[in-house]
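The values are calculated or read from the model by the stated rules, or taken from the named source; none is laboratory data. Quantities reported herein were computed from a predicted structural model and do not represent experimental measurements. Counting neighbours? That spans all protein chains shown, and the Cβs are built from the backbone with ideal geometry, glycine included.
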């Protein structure tokens with residue numbers, strides 16, 4: 001399947017256990033058939049198992065697992081989809097955001113208040129699309145089938161546009177959050193918890209510091225990296241920040257450096273509050289798991305992930321995989337935003353028929369929950385649920 005990263009094709013990340021407790025088993029497709037693969041140390045040959053180069057394979061038919069059955073259905077849909085559906089639509093949205101920047105800089109040069117505000121709004125939306133939707137898709141390698149281009153897009157969107165380290169972003173998001181979703185101390189979204197802040201400050205004021213904190217955190221993550229990597233990351237982050245500042249001074253005609261910096265802060269903050277909200281709404285408050293007793297992948301993701309309803313603004317700015325298709329995204333993180341939306345009916349129907357949870361709640365309902373249960377959810381660590389150890 002073209003859109004599946006190499007490590008998924010080899011079966012390393014599609015283990016039923018999602019990491020710990022997976023038993024070292026994986027899955028792959030061969031001539032259209034789903035196979036389970038695992039390493040063996042003995043010479044035993046059980047019925048249905050075939051040994052080849054130290055690896056035993058068994059064809060899955062009637063005993064096909066839930067995750068493998070759902071994966072097969074999704075793979076079939078991806079294979080039947082065009083490039084435009086797999087990547088083109090989302091690439092077009094990102095390109096449109098990029099092409100909105102020149103008119104935004106020109107509108108900011110206007111002496112008319114209405115046009116000036118329109119320019120600020122246009123730049124804020126374009127910046128959010130590039131730094132939220134773009135960085136998220138780039139971190140998953142969902143913008144290109146070429147690994148070389150995927151790495152290039154990750155540097156462009158995460159470092160130049162997002163002012164963060166591409167390596168740290170992939171490490172924290174892919175290798176921690178996705179690999180250990182809702183596992184306490186690993187992928188439990190604890191990075192967004194600031195327990196000493198009052199709830200109103202945390203939910204509505206603290207997010208406004210994200211554009212300032214982000215490059216500082218990126219610099220902290222560079223400790224221990226090679227000099228070449230440190231220099232590249234610092235140069236890319238500086239390029240992204242300084243290019244916007246230079247254009248505001250030389251194209252938009254800002255006379256004051258302070259005014260240009262203030263404009264940058266406002267534009268980069270336009271979606272900071274919902275950005276923090278979305279990050280905590282969809283995981284915190286849901287079942288948490290022990291690092292040594294997590295359930296199989298399909299149980300972990302269906303119990304620990306929640307979808308928000310479709311939103312005409314956030315769907316396009318953040319992307320479907322972060323809003324109304326977050327369950328689908330955690331089950332199949334290699335899919336683009338549009339493909340998550342396309343497989344959503346199949347995934348939701350399958351989970352419902354198998355009596356697995358398909359969790360959805362509205363934005364304002366989750367906001368109300370967090371506002372009234374702030375101490376329980378954000379100050380004190382969520383309790384481990386009885387789902388720990390589900391096999």
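Going by the structure shown, is residue 108 in contact with a helix residue (DSSP H, G or I) (Cβ under 9 Å, 6 or more places away or on another chain) and over 24 Å from residue 214 (Cα atoms)?
Taking the combined requirement at face value, the residue satisfies it.
For region 69-104, which positions are part of a helix (DSSP H, G or I), without any contact (Cβ under 8 Å) to a residue 60 or more places away in the chain, touching a helix residue (DSSP H, G or I) at 6+ places or on another chain (Cβ under 6 Å) and surrounded by fewer than 20 Cβ atoms within 10 Å (Cβ to Cβ)?
101
Within region 262-271, which residues are within 16 Å of residue 101 (Cβ to Cβ) and in a helix (DSSP H, G or I)?
Within region 262-271, 263, 264, 266, 267, 268 meet the criteria.
Please return the ranges of helices (runs of 4 or more DSSP H) entirely within region 272-391 where 3 or more residues are in contact (Cβ under 8 Å) with a residue 12 or more places away in the chain, under 21 Å from the mean Cα position of the chain (by Cα) and buried (at least 20 other Cβ atoms within 10 Å of the Cβ).
Fully inside region 272-391 and qualifying: 272-281, 297-304, 326-331, 337-353.
Going by what's in this entry, would residue 248 be described as part of a helix (DSSP H, G or I) and modelled with pLDDT of 95 or more?
Considered against the rule, which asks whether it is part of a helix (DSSP H, G or I) and modelled with pLDDT of 95 or more, residue 248 comes out as yes.
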